[in-house]
Each structure stands twice: as C-alpha cells, then as structure tokens.
Amino acid sequence: MNENIGEENAFSFTQIRNMVLGALMAALMAVGAYIAIPVGPVPIVLQNMFVMMAGLILGPWWGAASVGIYMLAGILGMPVFSGGGAGLVQFMGPTGGYLFAYLPAVVLIGLISGQGKNYHDNPAAGAVTKAMVYDVLAMVLGSALVYAIGVSRLKSMAGFSWGKAWAVGMAPFLIGDVIKIAANASLIVGIRNMLRRFKSDE
Amino acid sequence: MAGVNLFVYTPGATAVHRMDPRFKLAALVVLSLATVQCGPYAALGLFFIAAFAAIAGKIPAFTMIRNAQVFLLFLVGIILVRGAVTPGPAVFNGAIPWFSVNGLEDGLLISWRLFVVLIASAVFTGATRTSGVFSAVRWYFKPIPFMDGARAAMMLTLMMRFIPIILDEADSIKEAQRSRGLENRKNPVYRITRLIPPLMERTFTRAQDLTLALVSRNFGPNPTSRGLHARKTDWLYLLLLFSLCAGLRVLD
C-alpha cells in the first residue's frame, strides 16, 4: 500500500480552469447551505441556488462534476449538506431524494441553458432577453425535477399521502425557489461577464 | 460565520496526525456509516470514539463546533420540529401540548448522530493536510474505471480550500452591508443580488489566481504529492475502530 507519485505531463489551461471553477461552485454549494436569508417562516438557504448556477455557468458535464464532488465531500463525512449534515445517512433518509436529484437537475439545466449559448456573448437587448428565457426555463424545469424526485422519495419513505408530501416537502420552499430563480436570472449576465474576463487570460 | 473553521488543518505531530490519510478517510467513512439509524447506546459509544480521537489528535473540535453556532441551531431545530410533528404523549404532563415525548426522543437521537459525524469530520480535516487528502482520494479512485482520480482528488482538495475563503469573504461582505443598513431592506431578491456579485467577484479572482498558479507549475494528472505509507499501527487503529463500531451496532 506504499506509493510515491512523480510528475509527468500537464493539464491544459482550460482543463485546470474548469477544475478550479467546478471546485469553486462545489464550495459555494457547501457554503450556501449555511447562508440563510430570513424570509417569512422558512429562511432561504442558498445551496440549490448555487446548484442551478453551476449548471448555467459550467454546462451540463462540468456542472455534474461539480455537484458530484460536492456529494462526494458529504459522503466522505464533511459537513457540507444543509445545516451541517454529512455522511451516507443523508442519502438514505427521506430527504435523500433531493440530494440525488441535484445531479440530473444540473445536467438538465446545463443542457437547456446551453441551447441559448449563441445569445450569451451578444450584448444586444433582444439576445440578453432570449438567453434569460432559456436560463429561466432551465432553472424552472431543473427545480421541478428536484421536487419530482425529492417529493416522491419523501412520500414513499415517510409513508405520506401525496397531499402531505407536497405540503411538507415542496409548498414551503416554492416562494424561496422563485426568489432564487429571479436572483440567478438577474445575476447570470454579470457572472458570465466575469467568466469571460477569466477566459481571456488564456 | 467566521467561526466556522471545521475545514482548517491544525498542525501537530500526534498519532492522529501521523496516521496515513487513506486510513483516516476510511475511519471517517466507517464511523459515519455506523451512525446510520443507530440507537441511543450505539450513538453514545460512537460519540466517545470520536471525542477520544479529537483529544488524542489535540484537535479543538468542540471549540470549532461551539463557534459554528449555525450547526447547534440546526440541531435544536431538528429537536423542535420532531417534537412538534411526531404523535405521542405531550412532555411535562401536557404543559406543552404540541411537543411530544416521542418526538423529543427522536429529535435528540438524530441530532446526536449528526453531532458525532460533525466531530469526526472536524478531527479528519483538522489532522490531515490538504495534500494528504488529495493523495488519499486519488489512491481510492485509481482502480475505478472511467474515473479520473487526479481530477476528482484535485477538485475535492480545492473545494476544501475554497470553503473557509468563501465563508470569510461572505462574512466581510455581510459586515460591510450591515454597516450600510442593508439588513433593514425587506426585499430578499435585492439582498441576494447585493451579496452574491461581490462574493462571486472576489472568489473568481481567487480562482483565477489559483488557475494561473497551477498552469505555471505545469499541474498534471500525476502531480508530485506526499508519499503514502501504511504502517502496522494504521491497520491496527482501523481494525480496532471497525470492531468497536460493529460491536456497538450488534449490542444496540
């Protein structure tokens, strides 16, 4: 079990940049679980906002890698899930479906948002609006997928009726999700500009 | 939030620090798995194991967790929610009718399990250098087909490095905004859109610097890293931990 690793060939700038950005988004997801903005009875936690953002700015595959690394950190026992949760127990419990669902959701968001890619670099007002339509549609469908998987699992594991599963596992968070989608939609243009500056260093 | 230092390495030369990172990681997973659906006695036993590791490694795990008030609030929240939604006889002979004894017991057990995992992970991150985590994760990923161990390990290591940086940045931004009275704004979208851009700007700048540093060092799939050397004592500690966890679960 002894091993020494030597230096060989190198990753390209793009590969390293994607790795760093993927890790950064994974870290933001973990931190997002601790940043709570009090709104009404259920505070807004920014974790799934960063999951959506990963799909928007990294695309489907690097977004999935980012979510995968975030999940791996949690499985290994690092307290990165909501409220400091960690371990496989989080996936096995009734709310594990929401965590599992982040992976297909980020791929879906990346794929749909990617359809509007031609408009991302175009500063014209019409192009910005069209890109925003794709982004909002991607986030709405991605969130719907998270709830479809999360609420189904909650229902089956907790023995709830559909009505109760909806009332406990979806209804209280909908306002927060609308706010997060609105915030992401208004932020994404600025973030893509930041990334463009990042890419221009290549 | 500045007190959340669960991911920061604490230098030392204790037995826990000297242990091979692969074994520390395996120990963390074993302990974490042992808490799954465990009963109160097993949870207590697992707590003593995690606490012993923290003391042996001279890791200020309890100070870190005490500082991270959000964890403790979350644990209290679990107890309150469980007490409110679980049916059963009310506590204090019906003095608090909405809070059941069964819910209180359930909530305490769930919170306790989470607390044990939290201490164990604080010990792991506190006693393992980032390079050690990198080498260990890379080693575990090596035999998995279609999985790039070097990239996964690098991303995990970078993620661990980014978390305290982001928390510090978020804290300083929130502090600056509080001084300008942003806390009084009711509109949540306004508040989020005032917090996220400076946070992203600052963290992207760090990410950019890091990328350039890695490129300039020719970072590749086989980077130079610390050698991994398993010793007999590592096997012994891991087997001991496994036996203790298994024993606790059998007796539970």
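The values are calculated or read from the model by the stated rules, or taken from the named source; none is laboratory data. Everything numeric here is computed off the predicted structure, so don't read it as measured data. Methodologically, a virtual Cβ is constructed for each residue, glycine included, from the backbone with ideal geometry; neighbour enumeration extends over all protein chains shown.
Say we look at the range B:206-252 and pick out the residues that are under 26 Å from the mean Cα position of the chain (by Cα) and of a type in the set (Asp, Glu); which of these is modelled with the lowest pLDDT? Ranking the qualifying residues of the range B:206-252, first place goes to B:Asp252. The criterion of being within 15 Å of A:Ala27 (Cα to Cα), at the interface with chain A (Cβ under 8 Å from one of its Cβ atoms), of a type in the set (Ser, Thr, Tyr) and out of contact with any strand residue (DSSP E or B) (no Cβ under 9 Å at 6 or more places or on another chain) holds for B:Thr203.
For (1) of a type in the set (Ser, Thr, Tyr); (2) within 13 Å of chain B (Cβ to nearest Cβ); (3) closer than 20 Å to A:Ala33 by Cα, each residue gets a yes or a no:
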| site | (1), (2), (3) |
| --- | --- |
| A:Gly126 | no, no, no |
| A:Val133 | no, no, no |
| A:Ala138 | no, no, no |
| A:Lys155 | no, no, no |
| A:Ala158 | no, yes, no |
| A:Trp166 | no, no, no |
| A:Phe173 | no, no, yes |
| A:Ile181 | no, yes, yes |
| A:Ile191 | no, yes, no |
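When B:Gly132 is tested against (1) facing chain A (nearest Cβ under 10 Å); (2) touching a residue at least 40 places away in the same chain (Cβ under 8 Å), only condition (1) is not met.
Among the residues of the range A:146-172, the one identified as over 20 Å from A:Gln47 (Cβ atoms), touching a helix residue (DSSP H, G or I) at 6+ places or on another chain (Cβ under 7 Å) and part of a loop (DSSP other than H, G, I, E, B) is A:Phe160. With respect to the conditions (1) out of contact with any Phe, Trp or Tyr (no Cβ under 8 Å at 6 or more places or on another chain); (2) at pLDDT below 85; (3) surrounded by fewer than 24 Cβ atoms within 10 Å (Cβ to Cβ); (4) within 14 Å of chain B (Cβ to nearest Cβ), A:Gly87 falls short on a single one, namely (3).
Of the helices (runs of 4 or more DSSP H) entirely within the range B:1-120, those holding at least 2 residues that are modelled with pLDDT of 75 or more and farther than 23 Å from A:Leu72 by Cα occupy B:15-18, B:40-56, B:69-85.
Based on this model, can you work out whether B:Trp139 counts as aromatic (Phe, Trp, Tyr), within 12 Å of another protein chain (Cβ to nearest Cβ) and in contact with a strand residue (DSSP E or B) (Cβ under 8 Å, 6 or more places away or on another chain)? Against the criterion (aromatic (Phe, Trp, Tyr), within 12 Å of another protein chain (Cβ to nearest Cβ) and in contact with a strand residue (DSSP E or B) (Cβ under 8 Å, 6 or more places away or on another chain)), B:Trp139 qualifies. What do you reckon, is A:Gly126 more than 13 Å from A:Gly59 (Cα to Cα) and either crowded, with 18+ Cβ neighbours inside 10 Å or small (Gly, Ala, Ser) (or both)? So A:Gly126 fits the description; yes.
To keep it simple, each residue is scored yes or no on (1) touching a residue at least 12 places away in the same chain (Cβ under 8 Å); (2) under 22 Å from B:Ala213 (Cβ atoms); (3) β-branched (Val, Ile, Thr).
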| site | (1), (2), (3) |
| --- | --- |
| B:Phe92 | no, no, no |
| B:Ser111 | yes, no, no |
| B:Ala120 | yes, no, no |
| B:Val137 | yes, yes, yes |
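Among the residues making up the range A:60-103, a single one is farther than 20 Å from B:Leu28 by Cα and over 17 Å from the mean Cα position of the chain (by Cα): A:Pro94.
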